[in-house]
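Since the structure comes first, as structure tokens, the remarks are kept for the end.
What follows is calculated from the coordinates using simple rules that are stated; it is not laboratory data. The structure displayed is predicted, hence computed values, not measured ones. Here the Cβ positions follow ideal geometry from the backbone for every residue, glycine too, while neighbour counts run over all protein chains shown.
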Amino acid sequence: MNEKGGLMSLSDRIKADFKQAMLAHDEMGKVTLNGLKSAIKYKQVAKGAGAELTDAEIEAVVAHEVKARNDAIAIYRQAGDSERVAKETAERDIIAKYLPKQLTPDELRAKLEEIVKQGGYTQADFGKVMGEAKKQLGNSASGGDIARVVRELLAQ
């Protein structure tokens, strides 16, 4: 809750958690959340002077940061650098808690089946299905997972 009695915005939650990490001398949390705050600020500046980001826009930044950590984890794992894998995994776990609850594979498939069925889409409509899926699902599933399931469904 914020001081106005409403729910905290995502930005406020991140700032509060950053402050808590500083007070607790949590170096990993402090550095990771400071980097996330910087990425959000960069997006805000890119949007324009005085513009505030919505929670959905901040979620998109968070999702991008999680994906970047997942990509780095895969690269470091392939290179056999377990120390960096552990660091990137810890950072990803700190950042990922700001994403909405992720759909299970079964939940994702069910929602995408419904979207495909309602729209009467064919294989040629992959882009349209992806657009509609991202609109309806937001950041509750990764784009890669959505694309994989959509391809499977449209191939049937």
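Would you mind classifying the stretch 105-155 by shape? Square roots of the alpha carbon gyration tensor eigenvalues, ordered a ≥ b ≥ c; an a/c under 1.5 is rounded, otherwise it is prolate if a/b is larger than b/c and oblate if not.
Values: a/c = 1.44, a/b = 1.37, b/c = 1.05.
Rounded shape, in that the Cα axes give a/c under 1.5.
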Measuring from its Cα centre, the stretch 105-155 shows a charge dipole (+1 at each Lys and Arg Cβ, -1 at each Asp and Glu Cβ) which, in debye to the nearest 20, is 160
Most exposed first, judged by fewest Cβ atoms within 10 angstrom, E107, E114, E91 run E114, E107, E91
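For a test of the definition: using alpha carbon positions, the gyration tensor, and the 1.5 limit on a/c, classify the stretch 1-87 as rounded, prolate or oblate. Show your work: numbers first, answer last.
Details: a/c = 2.58, a/b = 1.54, b/c = 1.68.
Oblate, since a/c reaches 1.5 and b/c is not below a/b.
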So the FRET efficiency between R84 and T122, C-beta based with R0 = 41 Å and rounded to 0.05, is 0.40
For log10 I(q)/I(0) by the Debye sum over Cα atoms at q = 0.12, 0.15, 0.16, 0.21 Å⁻¹, with candidates (1) -0.66, -0.93, -1.01, -1.26; (2) -0.48, -0.78, -0.89, -1.57; (3) -0.43, -0.68, -0.78, -1.34, the value calculated from the shown model is option (1)
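Between the DSSP loop rule and a limit of at most 10 other Cβ atoms within 10 Å, which trypsin sites (Lys or Arg not before Pro) in the stretch 101-156 are left?
Answer by residue number: K101.
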